[in-house]
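A.B. asks: If you scroll down you'll find the structure; I have some questions about it.
The values are calculated or read from the model by the stated rules, or taken from the named source; none is laboratory data. Here the structure is a predicted model, which is why all the values come from computation and not from measurement. With ideal geometry, Cβ positions are generated from the backbone for all residues, glycine too; neighbour counts draw on all protein chains shown. To get the accessible areas, we keep the full protein, side chains included, count just its heavy atoms, and leave off ligands, DNA and RNA. Shrake-Rupley method; radii C 1.70, N 1.55, O 1.52, S 1.80 Å.
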Amino acid sequence: MGTIVGIDVGGTKIAVGLFDERCRVIKRRTIQTLASEPFMSAAVRMAEVIDGMLDGSGESLLGIGI
């Protein structure tokens, strides 16, 4: 079984969700956008959130939609 990640990048927040193969929500997390930081910093923060959400789950990552 695999996991799908969905990311919604907004002006004030970044919402990250983990979904199963049937598109049911497994976990969700929200972090601040921090519009003053460079995009690469935001990308690293998103990757850290995803990594933390997947940590120890044993699930394979099927894809990411932004």
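A.B. asks: Please work out the average accessible area per residue across the range 1-48, using the 1.4 Å probe convention, and give it in Å².
C.D. replies: Numbers: 3240 Å² over 48 residues.
Value for the range 1-48: 67 Å² per residue.
A.B. asks: With a 1.4 Å probe and every protein chain kept in, tell me what percent of the accessible surface of the chain is carbon plus sulfur.
C.D. replies: Working: 2450 of 4430 Å².
Carbon and sulfur: 55 percent of the exposed surface of the chain.
A.B. asks: Could you give me the radius of gyration and the Dmax of the chain, taking only the C-alpha atoms into account and expressing both in angstrom?
C.D. replies: In order Rg, Dmax, the Cα atoms of the chain give 12.0, 38 Å.
A.B. asks: Here's something else I'd like to know. Please compute the modelled spin-label separation between Leu61 and Leu34, points set 7 Å along Cα→Cβ, answer in nm with one decimal.
C.D. replies: Taking the simple label geometry, Leu34 and Leu61 are separated by 1.9 nm.
A.B. asks: Continuing with the same structure: Could you work out the local net charge near Ala43, counting Lys and Arg as +1, Asp and Glu as -1, over the other residues with Cβ closer than 13 Å to its Cβ?
C.D. replies: Summing Lys and Arg as +1 and Asp and Glu as -1 gives -2.
A.B. asks: If you put +1 on each Lys and Arg Cβ and -1 on each Asp and Glu Cβ, how big is the dipole of the chain around its Cα centre, in Debye rounded to 20? Please list the in-between numbers first.
C.D. replies: Numbers: 7 positive and 8 negative charges, 51 e Å.
My answer is approximately 240 debye.
A.B. asks: Another question, then. Pick out, from Gly63, Met40, Ile7, the residue whose Cα sits farthest towards the positive end of the charge dipole of the chain, with +1 on the Cβ of Lys and Arg and -1 on the Cβ of Asp and Glu.
C.D. replies: Looking along the dipole axis, the top candidate is Ile7.
A.B. asks: For every helix of n ≥ 4 consecutive DSSP H residues, a contribution of -39,500 (n - 2.57) applies; sum these over the chain, divide by its total residues, and give [θ] at 222 nm rounded to the nearest 500 deg cm²/dmol.
C.D. replies: Numbers: 1 runs with 16 residues, N = 66.
So the calculated ellipticity at 222 nm is -8000 deg cm²/dmol.
A.B. asks: I've got another one for you. Which order, highest average first, do 45-51, 60-66, 14-20 follow once you tally other Cβ atoms within 10 Å for each residue and take the mean per peptide?
C.D. replies: Output ranking for 45-51, 60-66, 14-20: 14-20, 45-51, 60-66.
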